[in-house]
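Worksheet: one structure, shown below.
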Amino acid sequence: MTVSAQLTDITVRFDALTAVDAVSLAIAPGEIHAIVGENGAGKSTIMNVLFGLLSADEGSIRINGETCAWRTPQDAIARGIGMVHQHFMLQDSMTVLENVVLCAEPLRGAGLVDFSSARRRLEAIAAEYGIGMQLNARVEALSVSERQMVEILKVLYREAELLILDEPTAVLTPQETESLFSILENFKAAGKAIVLITHKLDEVMRVADRVSVMRGGKLVASSPLGETSKSEIAHGIIGGELPEPRARAPHQPGAPVLTVENLEIKGSGRRIGPISFTVSEREIVGIAAVAGNGQVELIEALVGLRPFAAGKAGLLSQDIAGRDVSQRRALGLSYIPTDRQRVGLALEARVSENALIGRELQQRFRRGLFQLGSAINEFAGELIERYRIKVAGPFAKASSMSGGNKQKLVVGRELSRRTPLVIAENPTWGVDIGAIEFIHDELVRMRDDGHAILLVSTELDEILTLADRILVMFEGRIAGSFTAATADRFEIGAMMTSRSRTASTQGAA
């Protein structure tokens, strides 16, 4: 059975904010329908209505021509709709199989879970669509792309014929993205309807059959991909032309800010390193690596979330081994983490409270033993305005924001500290094209003003655009180094997936 959906005049309000304003969309079987727009444009909100996570204040939903009203997502699932969210909803301590069947367990005698039949069914589903997955593996040991496949298996196991994927390639490597697209093509060939919520226009042009553009809660355009263009889509998203990228000064590094010498870190069942490199003033050093090659452990060790096993690292000539996160931040380190949900933000705290992190003791925000609420709210308002964060205001909870606006808050908070060293880990994850350009310009501005930036990104284009030097990590070590002048996309890609040593080692220091 195929599933088609017609959403008519959907309106969603959150108090005084109209998040979706009379939007109508048609989703057809055998089609990849991309929905694009700025952060807070209403993309995820309207799909949450289709999936039953939110109720519309106005409008209607028709599935295969029949008007439907959802009480819970279970009603939508029963009609063949599945959703893979931007932030995964998995139990780390459970296996892949256990996660997939959770709350949909097949039972046998005495009410026991029939894992054997569930395994056979899942193996058949995975084989049908070309999904490779070890069902006995624990989720905590999986890479980001593998976790995403678990989420996809969950919706397929529940017999979804209309799949909604919210920013599915946000933290995937180019190879992982291509693998996902191959699987989506298999879904399309099988007659499934696929909704792709994304900000990556190159991917829209690569895989979509139809594209709908939202801005400010309204639908501003919807057409087959062949009837539009990348520039028209970009214009529709931001309501104008993108600004020209900031011209950057020539690469003239100053004194070393971060020095890493023969650093080794304990990973999951292995040791990362030894690793040696420096990041200097007026320099952006990028680390390119496929997920699971030690870059996460390296960054956690440098910011103080994981101990050193051997070697040393210095920040402004001060040994940071044994110093905790707050001490390293006080010494001159800012950190933009990939996981804004668990590491970057306190979701149940206010936007103003999250903006204050790292500044609690500054005199601007204190009077004696007491914090100045007016000064804190004023500062939060400055970040909201400068970084175009769409939120009700400083008093709103961080959890009320879209994923991209959460990322803008983290980026704004950390870059505005103006520390000598910034460690930026996927800084543009899930943000719209206008915000990407703005964040890139801010990083280049800091570099030109004398700051040192260590950039880790799964977006190879981002590394190539911003980095003065590129370090490639493979199996826990630096496999090679490129200067911006010698960087070659294909050579870097090959080195990310093998022990090729053909790259120049110039600029490794």
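The values are calculated or read from the model by the stated rules, or taken from the named source; none is laboratory data. Quantities reported herein were computed from a predicted structural model and do not represent experimental measurements. No Cβ is skipped: glycine too gets one built from the backbone with ideal geometry, and neighbour counts run over all protein chains shown.
Quick check on my filter: what residues within the stretch 373-404 are at pLDDT below 85 and aliphatic (A, V, I, L, M)?
none
Residue-by-condition table, conditions (1) part of a strand (DSSP E or B); (2) under 22 Å from the mean Cα position of the chain (by Cα); (3) among the charged types (D, E, K, R); (4) modelled with pLDDT under 90:
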| position | (1), (2), (3), (4) |
| --- | --- |
| VAL410 | no, yes, no, no |
| THR419 | no, no, no, no |
| TRP429 | no, yes, no, yes |
| ILE439 | no, yes, no, yes |
| THR458 | no, yes, no, yes |
| ALA485 | no, no, no, yes |
| MET495 | no, no, no, yes |
| SER500 | no, no, no, yes |
| ALA508 | no, no, no, yes |
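Does LYS397 satisfy the criteria of being surrounded by fewer than 18 Cβ atoms within 10 Å (Cβ to Cβ) and touching a residue at least 12 places away in the same chain (Cβ under 8 Å)?
Judged against the criteria, LYS397 is a match.
Based on this model, can you work out whether ILE275 counts as among the β-branched types (Val, Ile, Thr), surrounded by 21 or more Cβ atoms within 10 Å (Cβ to Cβ) and either touching a Gly at 6+ places or on another chain (Cβ under 6 Å) or at pLDDT 95 or above (or both)?
Yes.
Given the criterion on the phi > 0 side of the Ramachandran plot, crowded, with 17+ Cβ neighbours inside 10 Å and small (Gly, Ala, Ser), identify the matching residue among GLY493, GLY476, GLY450.
Among GLY493, GLY476, GLY450, only GLY476 is on the phi > 0 side of the Ramachandran plot, crowded, with 17+ Cβ neighbours inside 10 Å and small (Gly, Ala, Ser).
Hey, VAL204 hits all of (1) over 30 Å from PHE181 (Cα atoms); (2) modelled with pLDDT of 90 or more but one; which does it fall short on?
VAL204 satisfies every listed condition except (1).
Name the residues in the stretch 10-57 that are surrounded by fewer than 22 Cβ atoms within 10 Å (Cβ to Cβ), farther than 21 Å from GLU232 by Cβ and touching an Asp or Glu at 6+ places or on another chain (Cβ under 6 Å), would you?
The answer is THR11, ARG13, ALA22.
Going by the structure shown, is ALA137 in contact with a Pro (Cβ under 7 Å, 6 or more places away or on another chain) and over 21 Å from LYS188 (Cβ atoms)?
no
Please work out if PRO307 is at pLDDT below 95, outside the structural domain of VAL213 (by TED's automatic domain parsing), touching a Lys or Arg at 6+ places or on another chain (Cβ under 9 Å) and not acidic (Asp, Glu).
Considered against the rule, which asks whether it is at pLDDT below 95, outside the structural domain of VAL213 (by TED's automatic domain parsing), touching a Lys or Arg at 6+ places or on another chain (Cβ under 9 Å) and not acidic (Asp, Glu), PRO307 comes out as yes.
Looking only at the stretch 3-44, which residues are more than 19 Å from LYS390 (Cα to Cα), in contact with a helix residue (DSSP H, G or I) (Cβ under 8 Å, 6 or more places away or on another chain) and not in a strand (DSSP E or B)?
Within the stretch 3-44, GLY30 is the sole residue that qualifies.
Can you tell which of SER223, SER212 is part of a strand (DSSP E or B), assigned by TED's automatic domain parsing to the domain that holds ALA127 and within 20 Å of ILE81 (Cβ to Cβ)?
None of the others qualify; the one that does is SER212.
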